[in-house]
Amino acid sequence: QLAAEFPSEEIFLMTASPVIKAVTNFKQVSKALEEFDVEEQPSSLLEKRYPNIRVIQSGVKQLKSDQHKIYTEDGKEYIYEKLCLCAGAKPKLIVEGNPYVLGIRDTDSAQAFQKNLAQAERIVVVGNGGIALELVYEIQGCEVIWAIKDKAIGNTFFDAGAAEFLLPKLTAESPETPLECKRTKYTVEGGEEKGRPAGASDKLGSALGPDWHEGLHLKGTKEFSHKVHIEVLCEVKKIHLQQEFIQLQQTSLTFPKGEKNVEADEVLWPVYVELTNGKIYGCNFIVSATGVVPNVEPFLDGNNFAVAEDGGLKVDKHMQTSLPDVYAAGDICTAAWEPSPVWQQMRLWTQARQMGWYAAKCMAADALGESIDMDFSFELFAHITKFFNYKVVVLGKYNAQGLGSDHELMLRCTKGHEYVKVVMQNGRMMGAVLIGETDLEETFENLILNQMDLSAYGEDLLNPDIDIEDYFD
């Protein structure tokens, strides 16, 4: 976007990674909903397309904002007029530096995971967001103990009702044949054979796109398809290596066969997970899919950034940080403006793309001394994704975020087919979750945006015999 706004200016893209993530197959589904794929491409493609872009492959060592300078790890320095920090976030690992704990956030870690899974008989997955959800669904031939801190699965995106709707898919024998993977993958030549240099694993790759698990062969050693046991309302208390566990003289449990069945495990596992509910399970390894923390480390030293409670750099409604000429976008930043009543920040690909685009517009407006209005994409929270092979659309305050107890929910559910939930407050629609091919997203998006009083329609709003789209056309 910057290259297009300033065709005669030099634009530097600094990245520690040899590939860049590009948005492809972009589709505007409705006013606020968009669908796209995320693809890794060699940086030369970007430079070919925009002759004024230079990609500098090096990590950032330090930012000296008072001098408008960036120092890179390869010992060079660069002077900027305007800077936008888009360094994303890194996985929140339950424990650092344990070889049996894998964080999944990017394509590199997804590949490491796949290598380990090929030899695995049992793994423990910790976390309850989108990645954990997808992972558990995709894994076959391996026992999965899934530890979640909430009552129901997928709490980031759903409520308990939606979780119940999806659960049968987890126990279904073999999932439908996977769709053809549209993504092409570029790898660094020769990088694989030489093995990664020590300490390379903590260098961040780029975040996973929406269908990262397609084309990865996620199959363990056992000859069954799904075997998932969910431990709810618990977190990891401690992780024990085999030797420590033997010294503890505690019992660990076998994979539960039924509610009552609690048997001691005879097998010795490489690593053991002790949960806050007192249970201990042995496994081959643990996947930490417990969300992300903004990757601000390299920039804080010597700079007086305003940092939000969640660790992100605070940005105002023009994506500006608290420092002059320094902007931020995507997972690294925290929206510190007064948001629209039906928008909230979530660290997702859709928002990263919107923020990046809008930050470029703001940098341009500022450089040219023009004023700019807040972009429409921040009017309504809207996200479209796929879970368990169902299309999932979430709109507005879909989990009644911040609405207090003063709201009501309306539901419509056809087992195995669709799940529709709307969040109402004072007769107005504030949010919705749509699972399956409901074709309601555009209508609901409009009803949330125009805040029309719907009290007169009552329960009929979700009556399947009433064609609501025609009604509100």
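The values are calculated or read from the model by the stated rules, or taken from the named source; none is laboratory data. A quick note: this is a predicted structure, and the numbers were derived from the prediction, not measured. Cβ sites come from the backbone with ideal geometry, for glycine too, and all protein chains shown count toward neighbours. Note: accessible area is taken over every heavy atom of the protein model, side chains too, but ligands, DNA and RNA are not part of it. Shrake-Rupley method; radii C 1.70, N 1.55, O 1.52, S 1.80 Å.
Rolling a 1.4 Å probe over the heavy atoms of the protein chains gives the chain an accessible area of 50 Å² per residue. Each peptide in 421-432, 364-375, 87-98 receives the mean, over its residues, of other Cβ atoms within 10 Å, and ordering these scores from highest gives 421-432, 87-98, 364-375. A Förster radius of 22 Å, combined with the Cβ-Cβ distance separating ASP406 from LYS386, puts the computed FRET efficiency at roughly 0.10.
Are there trypsin sites (Lys or Arg not before Pro) in region 238-289 that DSSP marks as loop and that have at most 14 other Cβ atoms within 10 Å, and which are they? Kindly include the intermediate steps, with their values, before the conclusion.
Working: sites: LYS238, LYS257, LYS260, LYS279; in loops: LYS257, LYS260, LYS279.
Within region 238-289, the qualifying trypsin sites (Lys or Arg not before Pro) (loop, at most 14 other Cβ atoms within 10 Å) are LYS257, LYS260.
Label point of ASP74 set 7 angstrom out along Cα-Cβ; within region 13-40, amide nitrogens under 19 Å from it belong to 13-21. Taking θ as phi - 60° and the Karplus parameters 6.51, -1.76 and 1.60, the scalar couplings of region 14-31 work out to 9, 8, 7, 9, x, 10, 10, 8, 10, 8, 10, 6, 5, 10, 8, 6, 7, 4 Hz in sequence order, x denoting glycine and proline. The simple Förster model, with R0 at 45 Å and r as the Cβ-Cβ distance, assigns GLU47 and MET452 a FRET efficiency of 0.40. A protection proxy built from the mean count of other Cβ atoms within 10 Å ranks the segments 127-133, 265-271, most packed first, as 127-133, 265-271. When both region 47-108 and region 120-174 are represented by their alpha-carbon centers, they are found 32 Å apart.
Projected label points at GLU35 and ALA264, each 7 Å from Cα along the beta carbon direction, are separated by 5.4 nanometres. Each helix, a run of at least 4 DSSP H residues, gives -39500 (n - 2.57); summed and divided by the residues of the chain, these come to -5000 deg cm²/dmol at 222 nm. Close amide-amide hydrogen proximity is noted between THR334 and LEU313, LYS314, VAL315, each under 5 Å apart and 5 or more residues distant or on a separate chain (H modeled in the peptide plane; Pro and chain starts excluded). By the Stokes-Einstein formula, at 0.692 mPa s and 37 °C, region 382-471 with its Kirkwood radius over alpha-carbon pairs has D equal to 248 µm²/s.
Peptides 434-441, 41-48 ranked from most to least packed by the mean count of surrounding Cβ atoms within 10 Å: 434-441, 41-48. Counting only Cβ charges, +1 for Lys and Arg and -1 for Asp and Glu, the dipole size of region 1-74 around its Cα centre is about 80 debye. The string of couplings for region 273-282 from the Karplus curve (6.51, -1.76, 1.60, θ = phi - 60°) is 10, 9, 9, 5, 8, x, 7, 10, 10, x Hz, one whole number per residue in order, with x for Gly and Pro. For the pairs LYS64/LYS90; LYS27/LYS169; LYS361/LYS421; LYS27/LYS397; LYS151/LYS397, note any where the Cα-Cα span goes beyond 25 Å. The pairs that break the limit, which is 25 Å between Cα atoms, are LYS27/LYS169; LYS361/LYS421. Amide H contacts of CYS84 (H built 1.01 Å from N, in plane; Pro and chain starts excluded): TYR327 sit under 5 Å, all sequence-distant by 5 or more or on other chains.
Model label sites at ALA118 and SER58, defined 7 Å from Cα along the beta-carbon direction, differ in position by 3.6 nm.
Each semi-axis of the equivalent ellipsoid for region 218-377 is √(5λ) with λ an eigenvalue of the Cα gyration tensor; in descending order they amount to 48, 18, 14 Å. What the phi angles of region 318-324 give under the Karplus curve with 6.51, -1.76 and 1.60, with θ = phi - 60°, is a coupling list of 10, 6, 8, 7, 6, 9, x Hz, glycine and proline written as x. Could you let me know the centre-to-centre spacing of region 435-473 and region 364-383, using Cα atoms, in angstrom? With region 435-473 and region 364-383 each reduced to a Cα centre, they are spaced 29 Å. I'd like the carbon and sulfur percentage of the solvent accessible area for the chain, probe radius 1.4 Å, heavy atoms only, ligands and nucleic acids excluded. Carbon plus sulfur share of accessible area: 49 percent. Annotation: amide H-H contacts under 5 Å for MET430 (H modelled 1.01 Å from N, sequence separation of 5 or more, or interchain): VAL423, MET424, GLN425.
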